[in-house]
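Since the structure comes first, as structure tokens, the remarks are kept for the end.
The values are calculated or read from the model by the stated rules, or taken from the named source; none is laboratory data. A quick note: this is a predicted structure, and the numbers were derived from the prediction, not measured. Heads up, the Cβs are rebuilt from the backbone with ideal geometry, glycines too, and the neighbour counts pull from every protein chain shown. Note: areas computed on protein heavy atoms with side chains; ligands, DNA, RNA excluded. Shrake-Rupley method; radii C 1.70, N 1.55, O 1.52, S 1.80 Å.
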Amino acid sequence: MKSTSIAPLRLDARNNTNWNIDAQPVAILNEASTLHERLAYCWGLARGIEDLSELLCGSKSEDVARTSGFFTNQIAPLVAMLERMAADTRLNEKRVS
């Protein structure tokens, strides 16, 4: 895949900057990755947030349950859209190869 960025795209959670403000990224985008692979990565991140939101919906705290319900309602369509896009890109990559 052709390079699409000038500077490396940082993919880590940036937690490593807690100890050193000038810390280098731990994970960066592999420029050779395909669009499908990138969508799969994003889908995995979104699914993790969705799982956490669904878990917190059952909280005894009404505020936590209400807030996580909001996140669940927002993340569910994002996960569905990423799944659709990944399916489309996977079909396109199979046709090309």
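Only one residue of ILE75, CYS57, HIS36 has its Cα farthest out toward the positive end of the dipole of the chain, where Lys and Arg carry +1 and Asp and Glu -1 on Cβ, and that residue is HIS36. Each residue, THR34 and ALA13, gets one label point 7 Å from its Cα in the Cβ direction; the gap between the two is 3.0 nm. Comparing mean-square fluctuations of ASN20, ASN73, ASN30 from a GNM of the chain with C-alpha springs under 10 Å, the top value falls on ASN20.
Rounding to the nearest 20 debye, state how big the charge dipole of the chain is about its Cα centre with +1 on each Lys and Arg Cβ and -1 on each Asp and Glu Cβ. Walk me through the numbers on the way to the answer.
Working: 11 positive and 12 negative charges, 63 e Å.
Here the chain has a charge dipole of around 300 debye.
Listed values (i) 13.9; (ii) 13.6; (iii) 15.8 include one computed from this model; for Kirkwood radius over Cα pairs in Å that value carries the label (iii). Overall, the accessible surface of the chain at a probe of 1.4 angstrom is composed of carbon and sulfur to the extent of 61 percent.
Rounded to the nearest 10 square angstrom, THR72 shows an accessible area of 20 square angstrom against a 1.4 Å probe.
Per residue, the solvent-accessible area of the chain (1.4 Å probe, heavy atoms of protein chains only, all protein chains present) comes to 77 Å².
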